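Data first, discussion second: the structure below is written as structure tokens.
The values are calculated or read from the model by the stated rules, or taken from the named source; none is laboratory data. Values in this document were obtained by computation on a predicted structure and should not be read as measured data. Glycine also receives a Cβ, built like all others from the backbone with ideal geometry; neighbour counts cover every protein chain displayed.
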Amino acid sequence: MISILFLYLIPGVVLVWISAGKLEKYSVLVSKNFGLSPFFIGSTVIAFGTSAPEMLTTLFAAMENKGGMIVGNIVGSNITNIALVFGLTLLVLSIKRVSFKSNVSDLNLFLLILSTLVVWGVLSARPFYLISSLTLLILLFVTILIWYKSNEEFEEELVENDKNAILKLAASIITLIFAAWLITEGAMQILSNFGVGELFIGFTILAIGTSLPEIAASIALALKGRYETVAGALIGSNIFNGLFVLAIPGLLAKEELMMNTWVYTKWVQLLALLLFISLIFIIFLKISKNKQISMPINISLCIIFFSTYLYSLVLVFE
């Protein structure tokens with residue numbers, strides 16, 4: 001247990017927080033250098049990078065025909081991103097007595113809820129089918145194209161120039177991914193001694209472990225006032241998880257084997273919970289565009305987000 005702590009968990013946590021701070025800095029520089037909006041960088045580059053752990057764990061789970069673990073990782077990560085990651089971000093800002101100020105367009109809020117409904121539809125029909133995977137990938141391509149077409153130039157004063165910013169941003173994301181792997185691997189080794197089932201591991205340990213980059217990046221960005229990038233990273237991460245990560249199993253042509261470990265009826269309540277928390281998130285971002293949210297409301301929302309996450313854990317155990 002001690003060796004796991006020092007070989008995996010402690011180094012992983014240290015690397016997460018160091019690389020998250022670097023990611024915040026270089027994402028802003030890349031935005032400026034390429035004339036891209038903070039939301040576009042957050043919803044594509046950062047979101048893709050912080051979703052990489054989900055992609056890798058889903059690929060490994062698919063190769064081992066772990067259908068339940070795959071869905072648990074995707075649905076669990078998306079609930080975690082909003083209920084836990086954004087909840088923690090709001091909590092930190094509330095402690096600092098700072099309000100979250102969103103500038104996310106209605107179109108991007110619509111894309112988030114649409115992708116959530118599409119994922120629900122695919123999971124209820126045929127989740128590990130090749131045609132389903134290709135449909136998800138096409139929708140992801142269209143979404144990225146919409147983001148690019150609606151991109152507004154980034155304008156910010158007093159931001160230093162760095163020609164190697166894009167390489168440093170890539171290095172920060174890779175470090176985050178490696179750190180998340182360290183923590184997830186350490187947690188998996190500890191839990192393996194307790195005989196915990198794959199559904200629980202997928203929804204909790206894999207979901208939380210692979211969401212650590214989002215936690216670190218969101219808090220680091222929010223503390224620097226990069227609210228649009230935070231929103232973009234979380235929205236983009238959930239969309240990538242649903243439209244890209246869920247598409248991975250179907251590309252391996254092992255539908256029948258994975259369906260043997262996946263039962264849709266067990267996930268209906270969790271999918272409804274994901275839709276509910278996504279709607280709360282969207283409403284908050286919509287309201288915070290027009291006015292400052294008071295501290296009592298921020299605290300109340302933190303309670304709602306954390307309670308929702310805890311309730312999702314209860315559903316997993318039922």
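Against the list (1) closer than 29 Å to N65 by Cα; (2) in contact with a Ser or Thr (Cβ under 7 Å, 6 or more places away or on another chain); (3) among the hydroxyl-bearing types (S, T, Y), the condition T265 fails is (2).
Condition check for S312 on (1) small (G, A, S); (2) touching a Leu at 6+ places or on another chain (Cβ under 7 Å); (3) at pLDDT below 85: one failure, at (3). Within the range 179-189, one or more residues are modelled with pLDDT of 75 or more, assigned to a helix (DSSP H, G or I) and farther than 20 Å from L313 by Cβ. Of the residues making up the range 112-134, those that are of a type outside the set (V, I, T), in contact with a Ser or Thr (Cβ under 8 Å, 6 or more places away or on another chain) and buried (at least 21 other Cβ atoms within 10 Å of the Cβ) are L112, S115. What do you reckon, is S312 closer than 24 Å to T58 by Cα, crowded, with 20+ Cβ neighbours inside 10 Å and among the polar types (S, T, N, Q)? In short, yes. Annotation for the range 89-96: at least one member residue is of a type in the set (D, E, K, R) and in a loop (DSSP other than H, G, I, E, B).
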